[in-house]
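*Asks:* Below: one structure in structure tokens.
The values are calculated or read from the model by the stated rules, or taken from the named source; none is laboratory data. Remember, predicted model here, so these are calculated numbers, not experimental data. No Cβ is skipped: glycine too gets one built from the backbone with ideal geometry, and neighbour counts run over all protein chains shown. Accessible surface areas use protein heavy atoms only, side chains included; no ligands, DNA or RNA. Shrake-Rupley method; radii C 1.70, N 1.55, O 1.52, S 1.80 Å.
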Amino acid sequence: MREPDNSGSKPSVIVLGAGVSGLSTAQALLRRGHAVTLLERGEVGAESSWAGGGILSPLLPWDYPEPLARLALRSMAAYADWVADIEARAGRIAEYWQCGMHVLGATRPDVALAWCKSHGLTAQPSHTNKDDSLWLPEIAQVRNPRLVAALREAIMKMGGIIHTHSAAETATTRAGLMVDVRTAQGTFTADRFVVATGAWAGITLPGMEGVPNVRPIRGQMLLFRLQPGVLDTILYRNGLYLIPRRDGHVLVGSTLEDVGFDKSTDDTTCQRLHAEAAALLPALAAVQPIQHWAGLRPGSPDNMPIIDRHPDFDNVFVNTGHYRYGVTLAPASAELLVDVMEGNTPVLDPAPYRWQAALERRWGDAL
């Protein structure tokens with residue numbers, strides 16, 4: 001990640017959305033000397049940033065397009081230091097934990113092992129199960145609600161301003177530039193604007209084209225409470241994952257449901273997730289979930305985010321569409337976006353994450 005640049009006066013920026021993508025963008029901009037205001041439609045980080053599990057890797061990275069893997073691997077390499085900086089600024093702990101992940105019943109273990117070797121990710125066959133299983137000891141996690149809280153505190157201590165319950169309703173535009181946005185709390189002006197509104201990015205402001213091919217995808221999750229140490233690594237099998245926390249809580253997820261902006265849950269899904277989780281971890285069979293919730297991911301084809309300038313405005317940028325991996329991709333996505341905004345040469349080729357690339361991608365039958 002680039003070092004702070006506090007030389008000279010930098011353009012002011014309004015970030016629309018204070019989930020992990022908006023917060024990480026704001027933090028990166030503040031580190032480089034910009035004045036930043038975030039406008040959040042609800043509470044900070046209360047949507048998919050809160051609802052997810054916090055695994056810091058694509059679940060099976062060898063099954064994703066190479067550009068997503070490159071962005072993920074850059075984030076993963078930077079994550080420990082990134083979190084440490086946020087914690088030091090905030091005085092809060094985000095619970096970063098390199099606990100590793102067991103992939104049980106891998107369908108192509110030879111392909112997975114070869115991919116990991118070629119990409120510098122440690123992986124080895126697991127001898128704790130009879131099926132084709134893999135052990136990835138470098139996979140980490142973060143307790144995402146606590147990461148969001150730490151990011152919020154760090155941003156405010158760095159001079160950032162956050163307004164909650166301040167959904168952008170309309171905007172003033174002039175000659176290819178956005179001038180201001182109006183909310184129920186007032187009108188806000190800046191030199192530049194960033195759209196980081198997650199699942200809502202496809203339906204932006206009147207007169208502004210929505211981010212292409214981004215739509216909400218619901219995910220239902222369960223939370224259990226066990227004694228600390230019952231599970232000390234992430235377990236994954238056939239789309240189901242179990243994530244332990246150090247205090248004994250275990251998260252179980254998740255579904256992929258194309259139901260619009262509906263965050264309701266249902267008993268049938270709860271029972272299915274519980275049964276499948278208990279098959280992986282028998283200790284869960286004797287306890288009931290203490291919480292069941294749903295979040296709305298900013299779904300996109302191939303999980304590919306859009307990190308680019310808006311085609312209709314010279315001073316509007318987007319950082320959204322991370323689907324299942326907004327927390328995973330946060331530091332590298334913010335770094336890439338700020339490089340694009342400042343006219344720097346990015347470390348990664350920005351082409352796969354551009355608006356035009358998103359226009360060309362198509363949703364398939366599988367979510």
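*Asks:* Has the range 261-279 got any residue that is under 22 Å from Ala77 (Cα atoms) and assigned to a helix (DSSP H, G or I)?
*Replies:* Checking the range 261-279: not a single residue is under 22 Å from Ala77 (Cα atoms) and assigned to a helix (DSSP H, G or I).
*Asks:* Run down Ile162, Ile217, Ile234 and say which single residue is at pLDDT 95 or above, closer than 30 Å to Leu359 by Cβ and surrounded by 16 or more Cβ atoms within 10 Å (Cβ to Cβ).
*Replies:* Only one candidate qualifies: Ile217.
*Asks:* How many residues does the range 169-203 contain that are without any contact (Cβ under 8 Å) to a residue 24 or more places away in the chain and closer than 22 Å to Leu296 by Cα?
*Replies:* The number of residues fulfilling the criteria is 2.
*Asks:* Based on this model, can you work out whether Leu367 counts as touching a strand residue (DSSP E or B) at 6+ places or on another chain (Cβ under 9 Å) and modelled with pLDDT of 95 or more?
*Replies:* no
Condition check ((1) part of a strand (DSSP E or B); (2) surrounded by fewer than 14 Cβ atoms within 10 Å (Cβ to Cβ); (3) in contact with a Phe, Trp or Tyr (Cβ under 7 Å, 6 or more places away or on another chain)) across all residues:
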site	(1), (2), (3)
Ile307	yes, no, yes
Asp314	no, yes, no
Ala330	no, no, no
Asp339	no, no, no
Asp349	no, yes, no
Leu359	no, yes, no
Trp363	no, yes, no
Leu367	no, no, no
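*Asks:* I'd like to verify a number: residues in the range 114-128 that are in a loop (DSSP other than H, G, I, E, B), touching a strand residue (DSSP E or B) at 6+ places or on another chain (Cβ under 8 Å) and modelled with pLDDT under 95, how many?
*Replies:* The total comes to 2.
*Asks:* Identify all residues within the range 73-113 that are in a loop (DSSP other than H, G, I, E, B) and open to solvent by 50 Å² or more (accessible area, probe 1.4 Å); write none if there are none.
*Replies:* Matches in the range 73-113: Gly91, Arg92, Ile93, Tyr96, Gln98, Thr107, Arg108.
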